[in-house]
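K.L.:
This is the structure I want to talk about, given as structure tokens.
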Amino acid sequence: MKKTMALLLVGLFLISSIPMTTAAQPRLSMSDQELKVVGEYNQLKQKYMKVKGEWQDSKVKYLIAKEKLKKFDQLSLEEQDLHFEETKKYILKTIEKMEGHIDILQNWNERIMNNVEIDKDLELISTELTIFQKSIGNTSNVKELKEISNELKEFWTTNRIVLKEITSKILSAKVEKVLTKTETLSDKLHEKIDILDQTSKEVIEMQNILKELDIKLNHARKEYDKAVNAYSQLNSLKAVNNSLKDVKEYLKTSNTYLKEAHKDLKHLVKLYRTNQGSFPTLTLQTQ
């Protein structure tokens, strides 16, 4: 379970650093709805980090309680209550942490894909976690707690494939969205710069930068395609683990190329403004 959650978090972290718009260039306007969703995501991320910190604190106490509960009958009633409650608290915090991942994935789906089936799958998992949460909260003895905890572990093992597949799809869609917008921007920049005086030193430099930009975008697109192919191979838990690792590396490489392309765009904007006085308005329309 710990490894699964870590993989999900790593995947989210890798893509969160990809700029949806490029600083120092005409920014893509965001609708009120988009701004609302981004704001909700930031709130969910802050909430998750808070829960994660509480979970880590609870884990320290749980590890002590876990050892004590092995000799439960030898403990005083006061010690039994203390360690039982610490164990229960830790399991509840673990569920809350799981729910935090689900909430973030739901927000990402709304922001990037708005896929009805993905939303439905996430909602089903979230509903089951809520049921487990109530059951754990109502336990009154160690035996019940162990039984429900084992059921929770089995449930999570069964559903982690679903979550990993969803994560791969959303991360891939996010990279594709950034790529498409940047490629469209590159095409429009070519149109604007191609009508300038091609003998100008500054224009020649801008054209060279555009060539470098296109090379990097081409590499980024190839890495993205590799990621798509990798997660298309998901058909078993082992394949999920191996493929998700490959997806992570491909998307990380693609992100590196996009960051380099971002530097080229900043340099290009500076040159254009120096040469032309202002930067042209570029309207990007992507699905």
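K.L.:
Of the residues that make up region 109-116, is at least one among the β-branched types (Val, Ile, Thr) and within 22 Å of ALA227 (Cβ to Cβ)?
P.N.:
yes
K.L.:
If a residue has to be surrounded by 20 or more Cβ atoms within 10 Å (Cβ to Cβ) and either hydroxyl-bearing (Ser, Thr, Tyr) or not in a helix (DSSP H, G or I) (or both) to count, how many in region 244-258 make the cut?
P.N.:
Looking only at that region, the number is 3.
K.L.:
Filter region 154-172 down to the residues that are open to solvent by 20 Å² or more (accessible area, probe 1.4 Å) and touching a residue at least 40 places away in the same chain (Cβ under 8 Å), then identify the one that is farthest from the chain's Cα centre (by Cα).
P.N.:
Per the criteria, the residue is THR157.
K.L.:
Something else: Taking only region 259-282 into account, find how many residues are at pLDDT 80 or above and either open to solvent by less than 30 Å² (accessible area, probe 1.4 Å) or touching a His at 6+ places or on another chain (Cβ under 6 Å) (or both).
P.N.:
Within region 259-282, residues that are at pLDDT 80 or above and either open to solvent by less than 30 Å² (accessible area, probe 1.4 Å) or touching a His at 6+ places or on another chain (Cβ under 6 Å) (or both) number 7.
K.L.:
Can I ask one more? Could you identify the single residue in GLU86, GLU110, GLU147, GLU154 that is out of contact with any Ser or Thr (no Cβ under 9 Å at 6 or more places or on another chain) and more than 30 Å from VAL175 (Cα to Cα)?
P.N.:
Unique residue meeting the criteria: GLU154.
K.L.:
Here is a follow-up. Out of all the residues in region 93-117, which are touching a Lys or Arg at 6+ places or on another chain (Cβ under 7 Å) and within 19 Å of THR157 (Cα to Cα)?
P.N.:
Selection gives LYS97, GLY100.
K.L.:
Kindly indicate which of SER186, SER140 is surrounded by 12 or more Cβ atoms within 10 Å (Cβ to Cβ) and either more than 22 Å from VAL228 (Cα to Cα) or in contact with a strand residue (DSSP E or B) (Cβ under 8 Å, 6 or more places away or on another chain) (or both).
P.N.:
SER186
K.L.:
Could you go through region 109-118 and let me know if any residue there is of a type in the set (Lys, Arg), in contact with a helix residue (DSSP H, G or I) (Cβ under 9 Å, 6 or more places away or on another chain) and surrounded by fewer than 18 Cβ atoms within 10 Å (Cβ to Cβ).
P.N.:
No, region 109-118 contains no residue that is of a type in the set (Lys, Arg), in contact with a helix residue (DSSP H, G or I) (Cβ under 9 Å, 6 or more places away or on another chain) and surrounded by fewer than 18 Cβ atoms within 10 Å (Cβ to Cβ).
K.L.:
Something else about it: Can you tell me which condition GLU151 does not meet? The list is (1) open to solvent by 70 Å² or more (accessible area, probe 1.4 Å); (2) more than 30 Å from GLU78 (Cβ to Cβ); (3) at pLDDT 90 or above; (4) part of a helix (DSSP H, G or I), and all the others hold.
P.N.:
Going through the list (1) open to solvent by 70 Å² or more (accessible area, probe 1.4 Å); (2) more than 30 Å from GLU78 (Cβ to Cβ); (3) at pLDDT 90 or above; (4) part of a helix (DSSP H, G or I), GLU151 breaks only (2).
K.L.:
Please work out if GLY100 is part of a helix (DSSP H, G or I), within 29 Å of the chain's Cα centre (by Cα) and loosely packed, with under 12 Cβ neighbours inside 10 Å.
P.N.:
Criteria not met by GLY100.
K.L.:
Residues of region 197-206 being open to solvent by 30 Å² or more (accessible area, probe 1.4 Å) and not acidic (Asp, Glu), which ones?
P.N.:
Result: GLN198, THR199, LYS201, ILE204.
The values are calculated or read from the model by the stated rules, or taken from the named source; none is laboratory data. None of the values given here were measured: they were computed from a predicted structure. Ideal geometry is used to build each Cβ from the backbone, glycine not excepted, and the neighbour counts take in all protein chains shown. Accessible surface areas use protein heavy atoms only, side chains included; no ligands, DNA or RNA. Shrake-Rupley method; radii C 1.70, N 1.55, O 1.52, S 1.80 Å.
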